[in-house]
1. List, please: which pairs have Cβ atoms under 7 Å, are six or more places apart or on different chains, and start with a residue in the range 73-95 that is assigned to a strand (DSSP E or B) and end with one that is acidic (Asp, Glu) and surrounded by 15 or more Cβ atoms within 10 Å (Cβ to Cβ)?
2. Considering only residues that are over 15 Å from THR171 (Cα atoms), at pLDDT 95 or above and of a type outside the set (A, V, I, L, M, F, W, C), which ones fall in the range 42-53?
3. Pick out the one residue from PHE170, PHE123 that is within 17 Å of the chain's Cα centre (by Cα), within 25 Å of GLN55 (Cβ to Cβ) and not assigned by TED's automatic domain parsing to the domain that holds VAL21.
4. Exactly one of these conditions fails for LEU180: (1) within 24 Å of PRO74 (Cβ to Cβ); (2) crowded, with 21+ Cβ neighbours inside 10 Å. Give me its number.
5. Regarding ALA93, is this residue hydrophobic (A, V, I, L, M, F, W, C), out of contact with any strand residue (DSSP E or B) (no Cβ under 7 Å at 6 or more places or on another chain), exposed (fewer than 14 other Cβ atoms within 10 Å of the Cβ) and farther than 29 Å from THR201 by Cβ?
6. Out of ALA97, ALA105, ALA93, I need the residue that is modelled with pLDDT under 95, touching a Ser or Thr at 6+ places or on another chain (Cβ under 6 Å) and of a type outside the set (D, E, K, R). Which one?
7. Inside the range 1-51, can you point out the residues that are touching a Gly at 6+ places or on another chain (Cβ under 7 Å) and assigned to a strand (DSSP E or B)?
8. When you look at GLY73, is it among the small types (Gly, Ala, Ser), in the same structural domain as MET227 (by TED's automatic domain parsing) and at pLDDT 90 or above, yes or no?
Amino acid sequence: MGSIYLIRHGQASFGADDYDVLSPTGYRQAEVLGAHLAELDLRFDRCISGSLFRQRHTAETVIAQLEAAGLTGPVLETDAAFNEFDAEAVIRALLPAMLPHEPEALDIMRNATHNRVEFQRLFALIIDRWLDGQYDTPALQSWLAFVAQVQSGLDRILDSASPNERIAVFTSAGTITALLHLITRMPARQAFELNWQIVNTSLNQLKFRGREVSLASFNSYAHLQLMKAPELITYR
């Protein structure tokens, strides 16, 4: 059987002007992961990244660690199907209708780094509306469209994969959630309950034979736990 390793990007710059940049912690997480994979002598036949900078930077950092250990790997490929959904667009589209019930929501969203607990509560409510589908607008990518995007990326991998290939996919938590939904057939809301637990640079392993795919492991972050540095275990 072949293996697909879904790797969440390192911590991004939450609350900064440009979220799509690894924080110093995110860069360190990627270094630690790369060194850990090198110790395991894990050799990838293909490495694929979404096109977002935080995904590509994580991939490049991990690959550099593998190459430093003598594990020369393939050239990094890019497939935008593994990009994260546009969370800012979802918030902009769905938040206004919530304001009569959540009058402080705008202030909380604008100062998210100082209101992390309330931000997460509101974001979860917004995501729940997005999953529902009845609030869709023409300008907003729907949950179903996002799932179809992710499915197309997975299909391309499976269609071109050799039976025993080991493939790394550097992606994001929402994309991993969509794949959990597709592969395990769990309801979208249940999948998003797991989404909130996905650690930056965690490993999630899929096994495949032809077009048959199963989940082998979820949200492994032993590489960070072994560092005995709790600050390296982040969720956003």
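The values are calculated or read from the model by the stated rules, or taken from the named source; none is laboratory data. This structure is a prediction, so every number in the text was calculated from the model and none was measured. Cβ coordinates were reconstructed from backbone atoms using ideal geometry, including for glycine residues, and neighbour counts include every protein chain displayed.
1. Listed by first residue and then by second, the contacts come to LEU76/GLU60.
2. Step one: list which residues in the range 42-53 are over 15 Å from THR171 (Cα atoms), which gives 42-45.
Then keep just the ones that are at pLDDT 95 or above; that gives 44-45.
Passing the criteria: only ASP45.
3. Working: PHE170 fails: not assigned by TED's automatic domain parsing to the domain that holds VAL21.
That would be PHE123, the only listed residue that is within 17 Å of the chain's Cα centre (by Cα), within 25 Å of GLN55 (Cβ to Cβ) and not assigned by TED's automatic domain parsing to the domain that holds VAL21.
4. That leaves (1) as the condition not met.
5. Numbers: hydrophobic (A, V, I, L, M, F, W, C): yes; out of contact with any strand residue (DSSP E or B) (no Cβ under 7 Å at 6 or more places or on another chain): yes; exposed (fewer than 14 other Cβ atoms within 10 Å of the Cβ): no; farther than 29 Å from THR201 by Cβ: yes.
It is false that ALA93 is hydrophobic (A, V, I, L, M, F, W, C), out of contact with any strand residue (DSSP E or B) (no Cβ under 7 Å at 6 or more places or on another chain), exposed (fewer than 14 other Cβ atoms within 10 Å of the Cβ) and farther than 29 Å from THR201 by Cβ.
6. Numbers: ALA97 fails: touching a Ser or Thr at 6+ places or on another chain (Cβ under 6 Å); ALA105 fails: touching a Ser or Thr at 6+ places or on another chain (Cβ under 6 Å).
Exactly one of ALA97, ALA105, ALA93 is modelled with pLDDT under 95, touching a Ser or Thr at 6+ places or on another chain (Cβ under 6 Å) and of a type outside the set (D, E, K, R), namely ALA93.
7. Scanning the range 1-51 gives ALA12, LEU22, CYS47.
8. Numbers: among the small types (Gly, Ala, Ser): yes; in the same structural domain as MET227 (by TED's automatic domain parsing): yes; at pLDDT 90 or above: no.
No.
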